[in-house]
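Notes follow the structure.
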Amino acid sequence: MTDPEVGAVVVDTFNNAVGAVTKSANGLTRLQYPNGCAWTAYTSNLRPPVTAERRRFEAAQQTWGGATLADRAKGMKCEQ
């Protein structure tokens, strides 16, 4: 997979996690889950989500409202 576009929803196969792309360059991609948890993944570990994964992500967006880490409680331990 080439560097995905910002805003694209992808699956990180190493962490088995779905996230939206917030930044991507030089083979590294920054992803974020709607609750604000963010992590960095190698672009080679990304794939498009299947229908169930996309629905799970969209449900989380409705619940969390697309928060950023700054919007959530400080000290949240999800950063990798």
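Derivation of every value follows stated rules applied to the coordinates shown; laboratory data play no part. Everything numeric here is computed off the predicted structure, so don't read it as measured data. Positions of Cβ are generated from backbone atoms using ideal geometry, with glycine treated the same way; all protein chains shown enter the neighbour counts.
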Share of alpha-carbon pairs per 5 Å distance bin for the range 9-69, given as whole %: 4, 21, 31, 25, 14, 4, 0
Under 13 Å, Cβ to Cβ, from SER24 - net charge with Lys/Arg +1 and Asp/Glu -1: -1
Label-point separation, PHE14 to GLU58 (7 Å along Cα→Cβ), nm: 2.9 nm
